[in-house]
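First the structure, in the form of structure tokens, and then the observations on it.
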Amino acid sequence: SLSPAPEFLVSTTPESGDTIVIVDISNPRPDSVVWDFPPGTTIVDTSMFAPAIIPADTGSFTISMHAWYGDCEVILTRMISIEPFDSLDAQIWNANAIDSLILYPNPNNGTFTVHVELQSQQNFVILIIDELGNERGRTQISDADQWTGQMSVLNPVPGNYILRVVAEFDSEEIIFIISQ
């Protein structure tokens, strides 16, 4: 028979101060698991199959999983990278994100209304991009937390287009259709 292969999942984008949950996804599940974390790590939850930790510092470090199948120990070690906290990263809790982006009607004939709401006042640009990646329209907005206006594609050709909003801390896009 095949040797058991321990496996675990962990967040791919943890930042300094984040609580990280490590989840055992081994198949078959081990009888028991012992974890090795770097010195200084705060262990928030000691669950054998899903411990929660807070790393002591940024940078790269290893986590080792010692999976026990009867008297047999199998070890899996992974490198984890913790990034510095970025207060400008767009998140709901720091009010830097785009709340909503609405385009109507969709499909349209090349003229449509756009409504953008942001969580805080900032500068942003609204771009219209065709199927080939060519910019077909642009509107710049300064110091606003929302904007509603009509936009048009010059010489519209039926097809798929992208409406992209690029704000100071976030971006979002919608695919829309021009039909005639």
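For segment 11-46, residues that are closer than 28 Å to Gly70 by Cα and hydroxyl-bearing (Ser, Thr, Tyr) total 3.
Tell me, yes or no, whether segment 164-178 has at least one residue that is touching a Gly at 6+ places or on another chain (Cβ under 8 Å), of a type in the set (A, V, I, L, M) and touching a residue at least 60 places away in the same chain (Cβ under 8 Å). Yes, some residue in segment 164-178 is touching a Gly at 6+ places or on another chain (Cβ under 8 Å), of a type in the set (A, V, I, L, M) and touching a residue at least 60 places away in the same chain (Cβ under 8 Å). Residues considered: Ser87, Ser120. Of these, the only one that is in a strand (DSSP E or B), out of contact with any Pro (no Cβ under 6 Å at 6 or more places or on another chain), open to solvent by less than 80 Å² (accessible area, probe 1.4 Å) and modelled with pLDDT under 90 is Ser120.
Which residue is farthest from Leu76 (Cα to Cα), if the candidates are limited to segment 7-63 and must be open to solvent by less than 40 Å² (accessible area, probe 1.4 Å), under 23 Å from the mean Cα position of the chain (by Cα) and of a type in the set (Gly, Ala, Ser)? Top of the filtered list is Gly59.
Here Gln180 passes the criteria (1) modelled with pLDDT of 90 or more; (2) surrounded by fewer than 17 Cβ atoms within 10 Å (Cβ to Cβ) except the one numbered (1).
The values are calculated or read from the model by the stated rules, or taken from the named source; none is laboratory data. Computed from a predicted structure; not experimentally measured. Because the Cβ atoms are built from the backbone with ideal geometry, glycine has one as well, and the counts that use them run over all protein chains shown. Note: areas computed on protein heavy atoms with side chains; ligands, DNA, RNA excluded. Shrake-Rupley method; radii C 1.70, N 1.55, O 1.52, S 1.80 Å.
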